[in-house]
Amino acid sequence: MKTILIWISILILISSCASSSSNSKEKNSIAQVTIADSLAYDTEEIRTETLRAWNAYKKYAWGYDLLLPLSKKGFNWYEESLGISPFDAYSTMAVMGLDKEAKEIEEYALSKSWDQDIYVQVFEVNIRILGGLLAIYDDTKNPRILEKVIDFGDRLLPAFNSPTGIPYHSVNLRTGKTSGNMGEGRGNVINVAQAATYLMEFGILSYYAKDPKYYQAAKKATQAIFDRKSEIGLPGDYINVDTGEWTNDWHYLQAGVDAYYEYMFKSNLLFPDPEISEIWDYSLQKINQYLAEDYEGRRFYTCVNMHSGEVVKRSVSLYDAFFPAVQALHGDLENAEKNLATWDWIWDKYGLLPTRYLYAKDSVEYANSELNPEIIESAYYLHQITGKPKYLKMNYKYWKDMKDCCRNDVAFHAIEDVRTMKAKDYLATYFFAETLKYFYLAVEDKEKFDFNDYVFNTEAHPFKKSNFDRKKYKAYLGIK
Ligand code: DMJ
């Protein structure tokens, strides 16, 4: 009986959305009522699915970085485990009220030693481990967790000791030695996202440690990229950390650049810094001028040459689908809605997003799809910001499709090819941090989690704005 009622409520929601046109009357008209009607069911189901996948990680892969859900074993990124999944999972457990699981992860974090003789990728461990640890501290205020966070942050800092202030690709957690990762002869080259996605975690760490050194390192890296923009105001995509020279002259919003923009905007929401917000305002104008392309009636953000601004490839990647969320949060709803409409259109072609899509050829370039969160994140933001029910409907659809193609007997798995839906033996750590969380928050009660109270890092760890005192942050971060 309950199931029938639930489905009736979803059908009412979907048909209401379909019949309401995109005029202003749509705004707020059905959203509240229908969300309220279907709330209990949806949060419940997503919570149950989260627990199911989490218990599979615990059973088959506890202590490893992540779960291989088809072969049912653990997998590590490096020769020693960092145990990444729990750090990524904590804030999702907390948001879902899974207190026992959250407590277990807090204990696990306390037991973890970072004195490991391994080279770790600074970008990836910053957003997942440092971000995850900060989320635990933000939530618990456990001083022993703060010691762990500071210890981890201190082990990343040597990566920023380069002639340019741009971090090296990898750092050894024990020795502080650094390394590149681009292969023989390419020198210490990294992409823009790896170079300059630190303002949020390092800002929060500076705030809690009351020590500006972290934020200042992150800021220097962001400024180092921005200062090397071309004559038309665009950065490239790959840069030599030692010389500051661009080694590739393409520019886009795809993985490799994406979070550089996300952080120069979002960090200002927690820690307003005029020098960073100026960089964001300038950059956004350039994105709109050079990357936005209307092609056959749809909005794309394309790949251009950083010097000429000419289109070099009509390609988009599923990572770019984070940008409607940023546009909407910035207040540019017109472009946010156009942009997300394109992503939803691509989703409908395949029932998932392929990793890379060539829009002028209407074909897939990289066909894999790995439970990524970006389109869900943007639909969640746009629903919260506009109140339009069509964005909630989108997330229902994505959830249903993802369950159809990617759910197995123990958890969820990635897809090797969206055209065949062949399963891939991989469950990325961000599935716990981001994908499940955004699905859940899309239908969560505003009284339990108010979107307006938080800023999410790029790995969806939520930080409450009111935790950061507007009178103190400048001193703690060293902002003039
Ligand atoms: C996440 O790890 C982060 O959001 C990152 O910034 C890029 N995208 C992946 C998930 O797709």
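Summary of computed values
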quantity	calculated
Rounded Å value of the spacing that divides the Cα centres of region 399-451 and region 365-394	12
If the convex hull is drawn through the Cα atoms of region 209-285, its volume per residue in Å³	105
Taking the C-alpha atoms of the chain, convex hull volume expressed per residue in Å³	146
Selection from 432, 475, 415 lying farthest towards where the dipole of region 410-480 points positive, charges on Cβ	475
Alpha-carbon Rg/Rh ratio, for region 390-480, with Rh computed the Kirkwood way	1.13
Charge dipole (debye, nearest 20) of the chain; +1 at Cβ of Lys and Arg, -1 at Cβ of Asp and Glu	600
Given charges at Cβ of Lys, Arg, Asp, Glu: the chain dipole, positive-most of 110, 319, 276	110
Taking 425, 344 and counting other C-beta atoms within 10 Å, the order from fewest to most	425, 344
Average projection area in nm² (convex hull over Cα atoms of region 171-305, one quarter of hull surface)	9.8
337, 293, 459 arranged by Cβ crowding within 10 Å, fewest neighbours leading	293, 337, 459
Burial ordering of 299, 52, fewest other beta-carbon atoms within 10 Å first	52, 299
Pairs of lysines in region 53-128 (C-alpha under 17 Å apart; 8 or more residues apart or interchain)	9
Three-way shape call for region 292-359 based on the alpha-carbon gyration tensor, with the a/c threshold at 1.5	oblate
Packing-based order for 408-414, 397-403, 258-264, using average beta carbon neighbours within 10 Å, highest first	258-264, 408-414, 397-403
Partner aspartates and glutamates for residue 141 [C-alpha distance under 12 Å; skip if fewer than 8 residues away on the same chain]	106
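Only the coordinates and a few stated rules stand behind these numbers; no lab work does. Remember, predicted model here, so these are calculated numbers, not experimental data. No Cβ is skipped: glycine too gets one built from the backbone with ideal geometry, and neighbour counts run over all protein chains shown.
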